[in-house]
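Report on one structure; see the data block that follows.
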Amino acid sequence: MGCRRALHFVFKVGDRPRSARFYRELLGMSVLRHEEFEEGCKASCNGPYDGKWSKTMVGYGPEDDHFVAELTYNYGIGEYRLGNDFLGITLASSQAVSNAKKMGWPIREVTTGVFETEAPGGYKFYLEDKEQLKKDPVMKVTLGVSNLQKSVNYWSNLLEMKIYEKDEEKQRALLGYADNQCKLELKAVGGAVDHGTAFGRIAFSCAKEELPKIEALMKKENQKILTPLVSLDTPGKATVQVVILADPDGHEICFVGDEAFRDLSKVDPNGAKLLDDAMALDNSDKWFAAHNMKKAAA
């Protein structure tokens with residue numbers, strides 16, 4: 001458990017330029033790396049699609065010690081339907097609050113000093129109007145659950161997360177692998193969890209030798225395994241091993257071998273240029289407009 005790390009959350013984006021602007025200019029994140037793929041991922045990293053797609057990692061620093069966002073863009077798909085599975089990411093950044101106001105981006109104060117805003121696609125972010133005192137300002141990811149106790153049991157007993165807080169009255173719990181890492185907040189939604197088509201995925205790393213043990217435990221406990229242990233290749237970069245799970249509400253969970261992932265996730269100084277170049281070369285919006293068509297809605 002000691003070496004497990006919270007890595008990133010995967011978002012599907014339909015409007016890549018506007019999404020890039022939100023994460024870079026409003027939140028103040030940097031492009032850590034950008035990769036283009038000609039066909040779908042063996043572990044469905046881009047969702048259930050087999051066409052051309054891209055992956056852009058954005059954050060406040062390298063994944064070695066920051067929780068970041070993975071933006072997956074499927075060429076030809078312009079929007080995804082939100083469910084009630086992803087409830088938001090909370091971060092502390094008075095600069096992000098200031099940026100939103102300067103940009104005229106919709107933002108509203110939900111409690112004293114906490115502002116709610118939405119990334120393109122409708123993904124909620126909660127910005128605490130505080131200086132970034134911590135090295136990583138990303139504090140927690142909040143996911144909706146149908147049965148709080150069942151979910152807490154899964155994440156704490158099977159995935160070995162520490163329970164930091166549990167509030168039966170508010171039907172929420174806060175869990176994590178270490179005090180200095182981004183936490184996972186589980187919050188009851190009062191019914192079934194709907195993942196829509198925008199469903200994301202949360203990723204953690206662990207020692208490579210733990211991966212088959214995690215897979216074996218899930219088999220023994222009759223828990224869902226979405227992708228059995230598999231190796232994923234990234235052109236010109238390290239090959240990583242992953243196993244993809246689903247919790248009781250179907251939230252996707254990726255565990256990746258830490259050693260190879262640290263190599264794969266090194267910050268690419270050309271990442272921002274690669275993203276900008278890819279967006280400049282992407283004529284899909286113009287093509288659909290010229291043919292009087294809209295991009296597909298997933």
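Worth a mention:
- Candidates Val31, Val68, filtered to the one that is open to solvent by less than 20 Å² (accessible area, probe 1.4 Å) and in contact with a Ser or Thr (Cβ under 8 Å, 6 or more places away or on another chain): Val31
Here's the yes/no breakdown for (1) at pLDDT 95 or above; (2) buried (at least 18 other Cβ atoms within 10 Å of the Cβ); (3) touching a strand residue (DSSP E or B) at 6+ places or on another chain (Cβ under 8 Å); (4) within 22 Å of Leu148 (Cα to Cα):
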position: Ser205; (1), (2), (3), (4): yes, yes, yes, no
position: Lys219; (1), (2), (3), (4): yes, no, yes, no
position: Pro248; (1), (2), (3), (4): yes, no, yes, yes
position: Pro269; (1), (2), (3), (4): yes, no, no, no
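- Test for Glu209: is it farther than 22 Å from Ser19 by Cα and buried (at least 16 other Cβ atoms within 10 Å of the Cβ): no
- Count - residues of region 163-201 that are in contact with a Leu (Cβ under 7 Å, 6 or more places away or on another chain) and either touching a residue at least 40 places away in the same chain (Cβ under 8 Å) or open to solvent by less than 30 Å² (accessible area, probe 1.4 Å) (or both): 11
- Among residues that are open to solvent by 30 Å² or more (accessible area, probe 1.4 Å), touching a residue at least 24 places away in the same chain (Cβ under 8 Å) and either among the acidic types (Asp, Glu) or touching a strand residue (DSSP E or B) at 6+ places or on another chain (Cβ under 8 Å) (or both), Glu109 is not included.
- The one condition from (1) open to solvent by less than 20 Å² (accessible area, probe 1.4 Å); (2) assigned to a loop (DSSP other than H, G, I, E, B) that Ile214 does not meet is (2).
- If you go through region 34-65 and pick out every residue that is closer than 30 Å to Asp179 by Cα, open to solvent by 30 Å² or more (accessible area, probe 1.4 Å) and charged (D, E, K, R), you end up with 2.
- Of the criteria (1) in contact with a helix residue (DSSP H, G or I) (Cβ under 7 Å, 6 or more places away or on another chain); (2) within 27 Å of Tyr23 (Cβ to Cβ); (3) surrounded by 21 or more Cβ atoms within 10 Å (Cβ to Cβ); (4) not hydroxyl-bearing (Ser, Thr, Tyr), which one Leu143 fails: (1)
The values are calculated or read from the model by the stated rules, or taken from the named source; none is laboratory data. Small disclaimer: the values here were computed from a predicted structure and weren't measured. Cβ: placed from backbone, ideal geometry, glycine included. Neighbour counts: every protein chain shown. The protein model used for the area step is the full one, side chains on, heavy atoms only, and it has no ligands, DNA or RNA in it. Shrake-Rupley method; radii C 1.70, N 1.55, O 1.52, S 1.80 Å.
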